[in-house]
Amino acid sequence: MSKRLVGLVALILACLGSFAGSARAQAPSAGASPAVDVELAFDTTGRMGLALARARQDAEQILAGVRAVIPGARFAVVAFRDRGNPGGEYQTLQPLTTDSAAITEALGKLKAVHNPSPGNLNVESYNLAFHRSFTESGLKWASNSRKIVVVMGDAEGYGGASAGLPGCLDTHPDPDGLEIRSQLAGMRAAQRTLVMIRQASAATTASLDCYASMAALSYTGGQARDGNASDVVTPLLSLIKGAVAPIAITTGTPVVLPTGNVSVLVKVSNPNSVALVANDLTVTVPPDFSKVTATPAATAAQGASLQWTLNRTLPPHGTLAIRLSAKTGAKVRVAQIGSVGHFQLASDGNAFASEASAQIHVTRTIQAQVNALTRQGSTRGRAIAVLGHSRSLASASGSKISGSFRFLSAKGHSVVVRPKTFHLALRRGNAVLRMAVRVTSTSGSRGCRVGTFGTLTITDRSYAEPSGKATARLALPPACRPAGSQWATPAGAIRPLP
């Protein structure tokens, strides 16, 4: 065979090999890892009966809705209750699979079981469900899939308030020895995104703020939303879309003075193992905001809406960001900034919408609240500070402050103080309200006189953050401190009004 002919054959073989390689890259094999794995975890205690019945009824809609966005999605079904529940504390009803019949059958097995134990609490084994999501091999997560854990319930997990999660109230130790922050950190490290659906009813014992605090501590895209027993499909689909293409809206501070300046960051992330195509993005600001500027500049603007035509592919773990600045209106209110974008996973090409929103409190009024109990005694009270003509929330002082705080010792000695003046410093993760206080009444304590002055300082490290501790410190003569000088109080101690 001539050298020329050998070269021609080699060229043809190389072209065929290149074509085959390209075909393999575009058409995943049957054994390829799914783009997204979704665990559906249900609180199956007694109060959840109506929601579980609806989930069983709407099983096919749930699967069809998710697969309209992610055709290759796999599902697992998990049920959890509380320790000592006659129905069992935790069950994996179906490991991750694409088999629709198996998933529907597993959802059909969901059963609400009441715990009749006299010592039964209004908290359930959420911490165990979080823990099992990243430790249980039987769920069969794919190694490089996007992993989303959807939890539907109406109660809190153990110890959320003790862990400093804003909105959570429970302080009981977990009977399984699982600390809630540690389990959420485990989910974050294992790249499990937590989305929480709160079934709102008269029997619900958890706040949406508590659910949002838990979701925010998981992997990228964690969110919380209210649902109800008549519709479990809509919030579930919305949250999964938001987890696949999360849009985050953050502000320099969640509180802005009337006619003040606000900065906003709108960030789109791709936490998936495949590329994400961002087709477009729209951001809507309140109509009374003025001097709105954006970087990069919007492609188009219509009224209070700014639109960007993106047509941009984000690689795995890639991001894009848009920065806005504006001047707020003069009206005191809770203003809303919203964003919606259209996306598609590059691996399958199905387009879907993802949305997000953020609140900005336009106000001059700040509330500080203390509610603490120790072995030495307790303290309870609140103060409302009005910022008047202050120009900065980073450092503001004044005398327009009202309220009172009562300190009670275990022996029954009590002192009531009222604030007279204040200094406020609001920073993300570190809000401090320092008040000059005056004793207005006292009982059972010798040496503490009405009219005695001191200082009460409230520090909230959860301010504008999903977690953090809050403390109250009282500086008064020893005779006027019947319950000590420092207390831990629930997160969210300092917040804006309205």
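The values are calculated or read from the model by the stated rules, or taken from the named source; none is laboratory data. Computed from a predicted model, the values in this text were never measured in an experiment. When we count neighbours, we look across all protein chains shown, and the Cβ atoms used for this are built from the backbone with ideal geometry, even at glycine.
Does residue 396 satisfy being out of contact with any helix residue (DSSP H, G or I) (no Cβ under 8 Å at 6 or more places or on another chain) and at pLDDT 95 or above? Answer is no for this residue. Within the range 129-145, the set of residues being part of a helix (DSSP H, G or I) and either surrounded by 20 or more Cβ atoms within 10 Å (Cβ to Cβ) or not hydroxyl-bearing (Ser, Thr, Tyr) (or both) comprises 129, 130, 131, 132, 133, 134, 138, 139. Among the residues making up the range 272-285, those that are surrounded by fewer than 22 Cβ atoms within 10 Å (Cβ to Cβ) and touching a residue at least 60 places away in the same chain (Cβ under 8 Å) are 273, 274, 275, 277, 279, 280.
Is there a residue in the range 428-441 that is more than 29 Å from residue 335 (Cβ to Cβ) and either in contact with a Cys (Cβ under 7 Å, 6 or more places away or on another chain) or not assigned by TED's automatic domain parsing to the domain that holds residue 374 (or both)? Within the range 428-441, one or more residues are more than 29 Å from residue 335 (Cβ to Cβ) and either in contact with a Cys (Cβ under 7 Å, 6 or more places away or on another chain) or not assigned by TED's automatic domain parsing to the domain that holds residue 374 (or both). Cβ separations smaller than 6 Å between residues 6+ apart or across chains give the following pairs from the range 304-327 residues that are of a type in the set (Ser, Thr, Tyr) to residues that are at pLDDT below 95 and part of a loop (DSSP other than H, G, I, E, B): 313/275. Against the numbered list (1) over 32 Å from the mean Cα position of the chain (by Cα); (2) on the phi > 0 side of the Ramachandran plot; (3) of a type outside the set (A, V, I, L, M); (4) surrounded by 16 or more Cβ atoms within 10 Å (Cβ to Cβ), residue 388 comes up short only at (4). Among the residues making up the range 312-363, those that are among the polar types (S, T, N, Q), over 21 Å from residue 292 (Cα atoms) and either in contact with a helix residue (DSSP H, G or I) (Cβ under 8 Å, 6 or more places away or on another chain) or buried (at least 18 other Cβ atoms within 10 Å of the Cβ) (or both) are 344, 347, 350, 354.
Taking the conditions (1) within 26 Å of the chain's Cα centre (by Cα); (2) surrounded by fewer than 16 Cβ atoms within 10 Å (Cβ to Cβ); (3) hydrophobic (A, V, I, L, M, F, W, C) in turn, residue 53 satisfies each one other than (1). For the range 184-199, the condition holds for no residue, the condition being that it is in a loop (DSSP other than H, G, I, E, B), in the same structural domain as residue 40 (by TED's automatic domain parsing) and without any contact (Cβ under 8 Å) to a residue 40 or more places away in the chain. Of all the residues in the range 409-427, those that are in contact with a Gly (Cβ under 8 Å, 6 or more places away or on another chain) and not in a strand (DSSP E or B) number 4. Could you check, for the range 448-458, whether at least one of its residues is surrounded by 18 or more Cβ atoms within 10 Å (Cβ to Cβ), touching a Ser or Thr at 6+ places or on another chain (Cβ under 7 Å) and closer than 21 Å to residue 395 by Cα? No; the residues of the range 448-458 include none that is surrounded by 18 or more Cβ atoms within 10 Å (Cβ to Cβ), touching a Ser or Thr at 6+ places or on another chain (Cβ under 7 Å) and closer than 21 Å to residue 395 by Cα. Scanning the range 367-384 for residues that are part of a strand (DSSP E or B) and either touching a Leu at 6+ places or on another chain (Cβ under 6 Å) or not hydrophobic (A, V, I, L, M, F, W, C) (or both) gives 367, 368, 369, 371, 377, 378, 379, 380, 381, 382.
Condition check ((1) closer than 22 Å to residue 336 by Cα; (2) out of contact with any Leu (no Cβ under 9 Å at 6 or more places or on another chain); (3) acidic (Asp, Glu)) across all residues:
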site: 169; (1), (2), (3): no, yes, no
site: 190; (1), (2), (3): no, yes, no
site: 198; (1), (2), (3): yes, no, no
site: 212; (1), (2), (3): yes, yes, no
site: 244; (1), (2), (3): no, no, no
site: 250; (1), (2), (3): yes, no, no
site: 268; (1), (2), (3): yes, no, no
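Looking at residue 35, is it closer than 15 Å to residue 126 by Cβ and either in contact with a Ser or Thr (Cβ under 7 Å, 6 or more places away or on another chain) or among the hydrophobic types (A, V, I, L, M, F, W, C) (or both)? No; evaluated as a whole, the condition is false for this residue. Answer yes if at least one residue in the range 349-366 is among the hydrophobic types (A, V, I, L, M, F, W, C), touching a Lys or Arg at 6+ places or on another chain (Cβ under 9 Å) and under 30 Å from residue 469 (Cβ atoms), and no otherwise. So far as the range 349-366 goes, yes, one or more of its residues are among the hydrophobic types (A, V, I, L, M, F, W, C), touching a Lys or Arg at 6+ places or on another chain (Cβ under 9 Å) and under 30 Å from residue 469 (Cβ atoms). Might you check whether a residue that is out of contact with any strand residue (DSSP E or B) (no Cβ under 7 Å at 6 or more places or on another chain) and either surrounded by fewer than 20 Cβ atoms within 10 Å (Cβ to Cβ) or assigned to a loop (DSSP other than H, G, I, E, B) (or both) occurs anywhere in the range 393-408? Checked against the condition, which is being out of contact with any strand residue (DSSP E or B) (no Cβ under 7 Å at 6 or more places or on another chain) and either surrounded by fewer than 20 Cβ atoms within 10 Å (Cβ to Cβ) or assigned to a loop (DSSP other than H, G, I, E, B) (or both), the range 393-408 yields no hits at all. Taking the numbered list (1) assigned to a loop (DSSP other than H, G, I, E, B); (2) farther than 28 Å from residue 65 by Cα; (3) at pLDDT below 95 in turn, residue 298 passes all entries but (3).
Pairs meeting the criteria (first residue in the range 245-256 and more than 14 Å from residue 431 (Cβ to Cβ), second residue of a type in the set (Asp, Glu), beta carbons under 9 Å, at least 6 apart or on different chains) are 247/355.
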